[in-house]
Structures are given as C-alpha cells and as structure tokens.
Amino acid sequence: MSAKKLFGVASAAALMVGVATAALTGAVEAKTLKASHQWNTKDVRHQMVQIVADELEKANVDLKIKIYPSKSLYKPKEQWAPVTKGQLDITAFPLAYAASRHPEFDATLMPGLVKNHDHAARLNDSEFMNDIKKIVDDAGAIVIADGWLAGGFASKKNCILDPKDISGQVSRAAGKAFEQMLVGAGASTASMPSSEIYTAMQTGVLDAAITSSGSFVSYRIFEQTKCLTAPGANALWFMYEPIIMSKKTFSKLTKEQQDAVMVAGQKAEEFFFTAAKEMDQKMVEEFKKAGVEVVEMTDAQADAWRAIAKETSYKEFGKKVEGGDALIEKALAVK
C-alpha cells in the first residue's frame, strides 16, 4: 500500500477514534460568540458584558463569549447593523446611536424622562420600554440586559439648577433633544465627543457641559469646573445602554443555552444597576475632592426644566416621529 493510502487510512482511523471518544465523554467543542463594545476593559459596561461571559462559562452549556473592547471590532455607531443581521452576536450599545434608523430610540436619551436610577428600573417594565424593545425585536435583536447611565451638568461659571442659570453660556449638550432644551433655556450649544470637553472648557470654547457620570470622572473634567449638578433624585440626563443580542444568533441556540443567556443577562443587569449608582457617588467624591461645589436639583427645579423640554424636545420629537407623542406620554406616566 502506498504511503499516501496508508496516511489516508490512518487519518480515517484517528477521526473515528476521536468521534467515539467524544461520544463516550460527552465532549463537544463550545460555540464561541463575538461581543463588541466601545469602552476599555475598566469601564463598567465592559464589566457588564464580562459578567455575561463568565456566567455562561459557569453554566457549562458549551457557550463562550469572546469580547472585543475599545472599538476593536466595530466603531461605536456601526454595531447596530451587524448585530441585527447576525454578523455580530452581542453588543453593549447606547440605543440612541441607532436613532437615524429608528427615530423612536431618541426617546431613550430625552431630558427629564428618567428621574433617577430607581425610576429607570420601573421604566424597564413599562409600556414605554415594551414599545422600544418591540422595535429592537422587529429589527432583528433582543435585549438581554437593561442598563441606564446617569449624568449631570458642570459649569466653569456657576451652579446650574434653574433654567435661567445656563442662559448665555455655551454648553455641550450630549444629544439632539438636550440641545433643543438648552437653546430653549437661553444657552448656546456645541457638539463634540465627551473626550473633548476638557480641552474645550480649558480653551474657553465651552462654559458648561452635560455628560455621563463616568465621563466626568474619566476625563477629569473636575479640573476645569466651578460647580457640578449631580444626578441625585432629580437627574435630567439618563441614557439607555443595554446589552443586545442578535435574534439570528439566539434562535440557533439550544433551549438550555437560551435560558443560560437570559439568566446571565439578569445577573449583568443587577450588577449594572448598583454600579451605575456607585459611579454617580464616585463622581461626587472626585469633584468635592478637587474643591468643586456639588449641588442637586429640587423637584421644582427639575420640573422647570421639564416644562422647557415639553415645549422644545418633546414637541419636536412628537412632530418628527410617528407615534412620538404617545411614546413620551407612556414614559411620563411611570412615576
């Protein structure tokens, strides 16, 4: 027998032994899913995805997740299309990034709709979020973990509590709806990534800024500000940043794997709820340590901002988005 034929026979025999061994031991190669997000590995949003990966590993359902952090697989706003088409399995994704495709998603970054973290948790189970999640589902993805991040105001000039406090200042708004509200309050706005706020305040391009608690700390914006308006009980800025999974991927999993994914998602959601509150507290501590005055809005002050938002951001959303008015009303109905 030729060497070539001998090799073929040996290979076939080895394959049969491998199959038999796998059958006897129950060993099956674990399916590996790809997860993508824009943050570094120290960020709580990465930790949220890591919890899903760790919990699936512990569940022993032959399912693993390889995480691609720091925009290493897709750019931040380019993750929506691949996850809905099944080219990407999982993403931690600020939903408003996909508002150009689904304008309803702008409601998840709307001034004053979410008051605080406990209110956000109640919203997760509301008709408002049911409508949002149906759009996600119809587009080809499912939410496996809810996540809301809070933010606040910071100014080089004065504390921003009442709308009149920001009149005449140039502020970074963090979202179209916030720009509309700030202009309605008499401010000017400038658009830029949160990573550019520090330099813009340092050089006089900005007087004030709105961004997330995490960004305020990580970009050391406390070095350039006089006063911080912390989220507290009456935040104006909240952004929905869930973990999303492709429906195509989910449908190919076994029932046991699907159940494990949802359990892992719940663990990640519970972690994030606590971590987001802790992030707010860390921000307050860092600003106070730097000698910055820290204040919180009263109910009346937050209501004054919402009154402006109703005449600007909410009204524009209702005009431009089919069913937008009803969506806003559903959110406002959650107390």
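Name the residues in the range 195-209 that are without any contact (Cβ under 8 Å) to a residue 24 or more places away in the chain, within 17 Å of G175 (Cα to Cα) and either among the β-branched types (V, I, T) or part of a strand (DSSP E or B) (or both), would you? Walk me through how you get there before you give the answer.
Restricting attention to the range 195-209, the residues satisfying the condition of being without any contact (Cβ under 8 Å) to a residue 24 or more places away in the chain are 196, 199, 202-204.
Applying the additional criterion that residues be within 17 Å of G175 (Cα to Cα) yields 196.
The answer is none; no residue qualifies.
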Being in contact with a helix residue (DSSP H, G or I) (Cβ under 6 Å, 6 or more places away or on another chain), among the aliphatic types (A, V, I, L, M) and over 25 Å from E104 (Cα atoms) narrows it down to one of V284, V261, V292, so name that one. V292
Identify the residue in the range 55-66 that is of a type in the set (D, E, K, R) and outside any loop (DSSP other than H, G, I, E, B) and, among all such residues, is nearest to A268 (Cα to Cα). E55
Looking for whichever is touching a Cys at 6+ places or on another chain (Cβ under 9 Å) and either farther than 24 Å from K34 by Cα or modelled with pLDDT of 95 or more (or both) here; the options are V284, V292. Which one fits? V292
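Name the single residue, out of those in the range 18-49 being hydroxyl-bearing (S, T, Y) and modelled with pLDDT of 90 or more, that is surrounded by the most Cβ atoms within 10 Å (Cβ to Cβ).
S36
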Hey, does the range 166-178 have a residue that's under 17 Å from A276 (Cβ atoms) and in contact (Cβ under 8 Å) with a residue 12 or more places away in the chain? yes
Restricting attention to the range 66-92, which residues are among the small types (G, A, S) and without any contact (Cβ under 8 Å) to a residue 60 or more places away in the chain? S70, S72, A81
Looking only at the range 161-194, which residues are over 11 Å from A208 (Cα atoms), outside any helix (DSSP H, G or I) and of a type outside the set (S, T, Y)? L161, D162, A174, G175, A185, G186, M192, P193
Using the structure shown, decide if T203 is more than 21 Å from the chain's Cα centre (by Cα) and either surrounded by fewer than 24 Cβ atoms within 10 Å (Cβ to Cβ) or of a type outside the set (K, R) (or both). yes
Of all residues in the range 239-268 being outside any strand (DSSP E or B), crowded, with 22+ Cβ neighbours inside 10 Å and not small (G, A, S), the one that is farthest from the chain's Cα centre (by Cα): V261
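For T225, state whether it is at pLDDT 95 or above, in contact with a helix residue (DSSP H, G or I) (Cβ under 8 Å, 6 or more places away or on another chain), crowded, with 22+ Cβ neighbours inside 10 Å and among the polar types (S, T, N, Q).
For T225, the condition - at pLDDT 95 or above, in contact with a helix residue (DSSP H, G or I) (Cβ under 8 Å, 6 or more places away or on another chain), crowded, with 22+ Cβ neighbours inside 10 Å and among the polar types (S, T, N, Q) - is met.
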Matching option when the condition is within 20 Å of M48 (Cα to Cα) and of a type in the set (G, A, S), among G140, G112, G147, G86: G147
Number of positions in the range 137-162 that are closer than 16 Å to F250 by Cα, of a type in the set (A, V, I, L, M, F, W, C) and either surrounded by fewer than 24 Cβ atoms within 10 Å (Cβ to Cβ) or in contact with an Asp or Glu (Cβ under 6 Å, 6 or more places away or on another chain) (or both): 5
So, in the range 308-324, how many residues would count as being assigned to a helix (DSSP H, G or I) and either in contact with a Phe, Trp or Tyr (Cβ under 8 Å, 6 or more places away or on another chain) or surrounded by 14 or more Cβ atoms within 10 Å (Cβ to Cβ) (or both)? 10
Pairs returned, first residue in the range 245-267 that is among the hydroxyl-bearing types (S, T, Y), second residue that is surrounded by 14 or more Cβ atoms within 10 Å (Cβ to Cβ) and in a helix (DSSP H, G or I), beta-carbon separation under 7 angstrom, 6 or more apart or interchain, are S246/V83; S246/T84
Can you name the residue in the range 269-295 that is among the small types (G, A, S) and under 18 Å from Q50 (Cα atoms) and, of all such residues, is surrounded by the most Cβ atoms within 10 Å (Cβ to Cβ)? A276
Output the number of the condition that G214 fails; it satisfies all remaining conditions of (1) closer than 30 Å to K64 by Cβ; (2) modelled with pLDDT under 95; (3) surrounded by fewer than 22 Cβ atoms within 10 Å (Cβ to Cβ). (3)
For the range 71-87, the count of residues that are surrounded by 24 or more Cβ atoms within 10 Å (Cβ to Cβ) and either touching a Phe, Trp or Tyr at 6+ places or on another chain (Cβ under 7 Å) or under 28 Å from D325 (Cα atoms) (or both) equals 2
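The values are calculated or read from the model by the stated rules, or taken from the named source; none is laboratory data. Quick caveat, the model's predicted, so the values are computed rather than measured. A quick note on method: Cβ atoms are made from the backbone with ideal geometry, for glycine too, and the neighbour counts reach across all protein chains shown.
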